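Coordinate-derived values only; no laboratory data. This structure is a prediction, so every number in the text was calculated from the model and none was measured. So basically every Cβ, Gly included, is an ideal-geometry build from the backbone, and we count neighbours across all protein chains shown.
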Amino acid sequence: MSSNTAPAELRAGPREWFGLLVLLLPVTLMTADLGVLWLATPYLAADLQPTSSQLLWTTDIYGFMTVAFLVVMGTLGDRLGRRRLLILGSIGVILSSLLAAYATSPEMLIVARGLLGVAGAAVLPSTLSLISHMFADAKQRATAIAMWVTSLSVGIAIGPVIGGVLLDFWWWGSVFLMGVPVMLVPLLAAPVLLPEYRDPNPGRLDFASVVLFLAAMLPIVYAVKKFAEYGWSAVNLAAILVGVVLAVVFVRRQNSLETPLLDMRLFRIRAFTGALLTLLFGMMALNGVEYLVPQYLLVAGGLTPLAAGLWLLPGAAGLIVGSQLTPVLAKRIRPAYVIAAGLLVTLAGFALTVAADGDRDGVVPASIGLAVIMFGVAPISVLGTALAVGSAPPEKAGAAAATGQTAYDLGLALGIAVTGSVAVAVYRDEVADSAPAGIPAEAAEAARDTVGGATAAAESLPAEQAGQLVAAARDAFTAGYHMTAWVSAGLAVLTALVALTLLRKIPAIGAEAAEAAEAAEATPEVTGAPGDTAGQAGDAAPAGAREETATRA
């Protein structure tokens with residue numbers, strides 16, 4: 001009986017494992033960069049004096065450009081070579097980091113952050129698609145992807161700590177300079193340790209598809225971000241409508257091309273579609289609470305930014321432990337059941353979130369609750385990514401990795417949009433009902449906007465009214481925070497149902513389960529990546545899949 005485990009000569013050796021370490025460094029940097037910027041914002045705002053809109057674009061444009069360019073960069077990697085794209089992306093990160101560190105105006109910093117997002121979009125799918133080919137054995141590949149996911153959480157953990165240290169000794173631009181030595185490692189080591197992979201017959205790159213994809217993604221991502229901040233508006237609705245119309249045009253064009261930018265036939269693979277939906281809804285469930293926890297620690301807990309960053313470390317630890325445990329469980333248990341079990345665990349974390357009161361006593365349950373949630377969501381990041389990449393034919397691995405990363409990032413953005421709007425609505429209703437009577441209309445309106453507005457308005461009020469207003473705002477924020485936990489718990493249940501429906505036939509990574517799955521398959525034309533565990537009976541790979549050539553440095 002055949003085995004899904006790769007022959008001994010195809011199993012990864014020391015070179016591949018050292019190459020993996022090279023790939024994990026830039027991945028860690030991508031998430032660490034978010035944490036250090038959060039802490040550096042007050043300092044750069046005091047120095048560059050941006051407007052509120054410019055400050056918002058400084059923090060948002062990185063993710064904005066990354067999501068928009070992921071699929072484009074993944075497809076370019078299939079054509080140009082994934083190692084080459086990684087090297088080009090590393091150069092881009094270094095140059096844009098230097099530009100950001102020494103920015104002399106808000107506009108210059110916004111441009112630098114945008115370029116950094118484009119460079120990051122080149123780096124992320126390159127690392128994941130290279131991993132999928134360096135580790136042909138299914139078990140080794142699952143372990144490598146788990147380490148890839150762990151590196152994301154390590155970045156989340158060390159970002160605030162490193163940022164706090166740098167800001168204690170140097171100026172705000174130093175937080176961007178840390179990316180320079182990190183990205184020099186893949187730039188110098190990639191030609192020695194990493195193989196080159198590309199589609200040998202990529203066909204002509206359709207630039208009209210590139211323009212259409214960006215034109216469809218940019219307004220949608222813009223609307224999602226603005227919806228999270230300001231709720232419904234005519235501009236947001238118009239942006240979504242424009243994006244959807246252009247997305248339909250994009251899909252129709254892809255179906256008519258011989259060599260499309262994004263092969264829509266990938267979505268006919270049940271495992272691929274199921275993995276994308278699981279990533280999308282799972283990240284929505286996670287980020288709905290995750291992005292509010294730091295604010296909760298500051299508002300309700302009264303912590304400093306650095307102390308709040310330290311209280312976020314248990315959450316990163318939960319993701320690390322869950323990421324490492326997932327491959328062990330997946331060797332004997334089907335991925336759908338591992339994912340569903342993890343989501344069941346998250347419900348306990350959401351319950352802890354609801355139990356966190358609006359004062360310092362709530363810091364511990366909020367921190368532990370986030371750790372439990374991130375532990376339970378970890379299987380989605382590990383297995384969802386592995387299934388998305390593994391279900392695609394080898395020459396489409398770059399596009400599959402980029403599409404999976406896009407679903408991941410869109411899930412994070414939508415999580416903020418959906419639950420953020422719920423939190424804002426609850427906050428405004430609660431603070432309007434509980435604000436002390438007799439305060440000026442201007443103070444009441446400012447308090448209804450944000451907690452910060454309530455704090456600023458309280459400074460002009462008598463001591464008794466000021467204390468009542470701040471307490472009302474804090475309690476209203478906590479009520480919104482609790483409601484996001486309920487909404488996120490519902491999304492977790494939805495994600496579990498999606499995984500059990502679309503992914504339940506995919507076997508465990510273990511050799512015995514893989515052999516049984518191969519014996520059950522009746523369609524010889526099903527193809528996939530070497531050591532693929534994502535294929536299943538009835539899930540035909542895209543027609544015309546080509547054999548890929550791999551040239552090692």
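Figures for the structure shown
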{"item": "Additional length obtainable on full extension of the chain from W486 to D47, 0.36 nm per residue less Cα span", "result": "154.0 nm"}
{"item": "Global form of region 206-260, assessed from the alpha-carbon gyration tensor, a/c cut-off 1.5", "result": "prolate"}
{"item": "Projected label distance in nm at A351 and T104, using a 7 Å step from Cα toward the beta-carbon", "result": "5.9 nm"}
{"item": "Gained length - V111 relative to L494, 0.36 nm times residue gap less alpha-carbon distance", "result": "134.0 nm"}
{"item": "Extension reserve of the V185-V249 stretch, reckoned as 0.36 nm per residue once the Cα distance is removed", "result": "18.9 nm"}
{"item": "Calculated FRET efficiency for the pair V211/S233, C-beta based, R₀ 22 Å, to 0.05", "result": "0.25"}
{"item": "17 Å cut-off, amide nitrogen to a point 7 angstrom out along R360 Cα→Cβ, residues in region 277-317", "result": "296-311"}
{"item": "Dipole of region 21-194, positive end: most advanced residue of M108, G159, L76 [Cβ charges, Cα centre]", "result": "L76"}
